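Worksheet for the structure shown next.
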2 protein chains.
Amino acid sequence: MTQEQYSKYSFLLDRTARKVKQYAQQQFKSGDFDVTVDQWLVMKNLSENDALSQTELANLVFKDHPTLTRIIDLLCKKGYVERVPHPQDRRSFQLHLTETGVSKVVSLRPEIHNIREKAWENLSPNDFDEFKRILDTIYQNLNGESLEQ
Amino acid sequence: MTQEQYSKYSFLLDRTARKVKQYAQQQFKSGDFDVTVDQWLVMKNLSENDALSQTELANLVFKDHPTLTRIIDLLCKKGYVERVPHPQDRRSFQLHLTETGVSKVVSLRPEIHNIREKAWENLSPNDFDEFKRILDTIYQNLNGESLEQ
DNA sequence: TACCAATAGTTAGTGTGACAAATATATAAA
DNA sequence: TTTATATATTTGTCACACTAACTATTGGTA
């Protein structure tokens, strides 16, 4: 394997990830879901874990704080999420889905599963295992680098 | 494999791709490369194919036209790329690297290979083949969908 | 108590990605 | 020639990623 190849694999990874996101976003749009792919990810996690702080949620979805702040802003505007002041710590909020937000998650969940399925056609169960193992290896190779410096 | 899993794999793919890009960008920054990861991709392709039009280049790097226009704008400002009017077609340009751009590519190429290599540690040659096959399968599953509608 | 470091979250700036619409030019058809 | 259609690029808008800088608050420590 020549060094040149490493850049090609990085490119391929980026290209495919963008395609997967773009495809999902197009389907979200044509289905009038009223949320983006990333907004959905946030709502889904909130539906499974109530009263998270923004920092806890950011760690769950692997987004940085400024990005999450804006996504939460948008979801609040849309009426799907509320920031509730933390009873003890005035710096932080407890996030939770509104009634509207909960029913949105319930109604979208099965549709989104169908959309996500499309990407994984023509792959075997073993392929999924391999794929996950390789992605995790790559992630770990690059993670924690900042601690070593 | 339950339906729920498909979303998890999509998430894992997105997370890893972002990590790979973020790691490279951090290294670019700490090395004072004066270009971003995507700007580098564009310059590398221009160094291998001179006098491309923006459309041809966009197809090579899988970016849409507005995105490429803005990346080229930035590279022109930095003095690495020039737009030369096409001799026959006044709508389009022939892109080429300036002298400065060429020497930038020459000097950065080996450093970037080292950076890219880091992501692929602890993986076997067979893993690379599998990874490429799976990524290509996913891409093809979602590509051309717009033609079928 | 007063100070100080750490933490939670926001804001600002830049770059990128996707999409729609606009402009200019080229090419083909009537 | 005029019209219609296609192509190349740009502009505008919204969303997301990352960095750096900032505010407010907390908690420990002198």
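The values are calculated or read from the model by the stated rules, or taken from the named source; none is laboratory data. Since we're looking at a predicted model, the values are computed, not measured. Neighbour counts run over all protein chains shown; Cβ positions are idealised from the backbone, glycine included. Surface accessibility is based on the protein's heavy atoms, side chains included, excluding ligands, DNA and RNA. Shrake-Rupley method; radii C 1.70, N 1.55, O 1.52, S 1.80 Å.
Only one of (1) out of contact with any strand residue (DSSP E or B) (no Cβ under 8 Å at 6 or more places or on another chain); (2) within 11 Å of DNA strand C (Cβ to nearest atom); (3) of a type outside the set (Lys, Arg) fails for residue A:79. Which number is that?
(2)
With the requirement that a residue be assigned to a loop (DSSP other than H, G, I, E, B), touching a residue at least 40 places away in the same chain (Cβ under 8 Å) and open to solvent by less than 50 Å² (accessible area, probe 1.4 Å), what does the stretch B:72-94 give you?
B:80
Looking at (1) over 25 Å from residue A:16 (Cα atoms); (2) in contact with a Phe, Trp or Tyr (Cβ under 8 Å, 6 or more places away or on another chain); (3) open to solvent by 20 Å² or more (accessible area, probe 1.4 Å); (4) in contact (Cβ under 8 Å) with a residue 24 or more places away in the chain, find the lone condition where residue B:101 falls short.
(3)
Are any residues in the stretch A:95-106 away from every other protein chain (no Cβ under 14 Å) and either within 16 Å of DNA strand C (Cβ to nearest atom) or not in a loop (DSSP other than H, G, I, E, B) (or both), and if so, which ones?
The answer is A:95, A:96, A:97, A:99, A:100, A:101, A:102, A:103, A:104, A:106.
Write out, first by first residue and then by second, each pair whose Cβ atoms fall under 7 Å of each other, whose residues are 6+ apart or on separate chains, and whose first residue, in the stretch A:138-149, is closer than 16 Å to residue A:7 by Cα while the second is acidic (Asp, Glu) and at pLDDT 70 or above.
That search, which allows pairs on different chains as well, returns A:141/B:121.
Might you let me know whether the stretch B:18-34 holds any residue that is among the acidic types (Asp, Glu), in a helix (DSSP H, G or I) and farther than 16 Å from residue B:117 by Cα?
no
Only one of (1) within 9 Å of DNA strand D (Cβ to nearest atom); (2) without any contact (Cβ under 8 Å) to a residue 60 or more places away in the chain fails for residue B:23. Which number is that?
Evaluating residue B:23 over (1) within 9 Å of DNA strand D (Cβ to nearest atom); (2) without any contact (Cβ under 8 Å) to a residue 60 or more places away in the chain leaves (2) as the failure.
Of the residues that sit in the stretch A:43-56 and are within 14 Å of DNA strand D (Cβ to nearest atom) and within 14 Å of another protein chain (Cβ to nearest Cβ), which one is least open to solvent (accessible area, probe 1.4 Å)?
Across the stretch A:43-56, the extreme among qualifying residues is A:43.
Could you figure out which of (1) more than 11 Å from DNA strand D (Cβ to nearest atom); (2) under 16 Å from the mean Cα position of the chain (by Cα) isn't true of residue B:72?
(1)
Take the conditions modelled with pLDDT of 95 or more and touching a Leu at 6+ places or on another chain (Cβ under 7 Å) and apply them to residue A:19. Does it pass?
yes
Taking interchain pairs and intrachain pairs at least six residues apart, which have beta carbon atoms under 6 angstrom, with the first residue in the stretch B:43-64 and closer than 16 Å to residue B:87 by Cα and the second among the polar types (S, T, N, Q)?
Sorted first by the residue in the stretch B:43-64, then by its partner, the pairs are B:51/B:94; B:53/B:92.
Among A:38, A:32, which is surrounded by fewer than 13 Cβ atoms within 10 Å (Cβ to Cβ), more than 8 Å from chain B (Cβ to nearest Cβ) and within 14 Å of DNA strand C (Cβ to nearest atom)?
A:32
Based on what the data block shows, is residue A:59 open to solvent by 40 Å² or more (accessible area, probe 1.4 Å) and either in a loop (DSSP other than H, G, I, E, B) or polar (S, T, N, Q) (or both)?
yes
Name the one entry in B:122, B:126 that is open to solvent by 80 Å² or more (accessible area, probe 1.4 Å) and either part of a helix (DSSP H, G or I) or within 16 Å of DNA strand D (Cβ to nearest atom) (or both).
B:126
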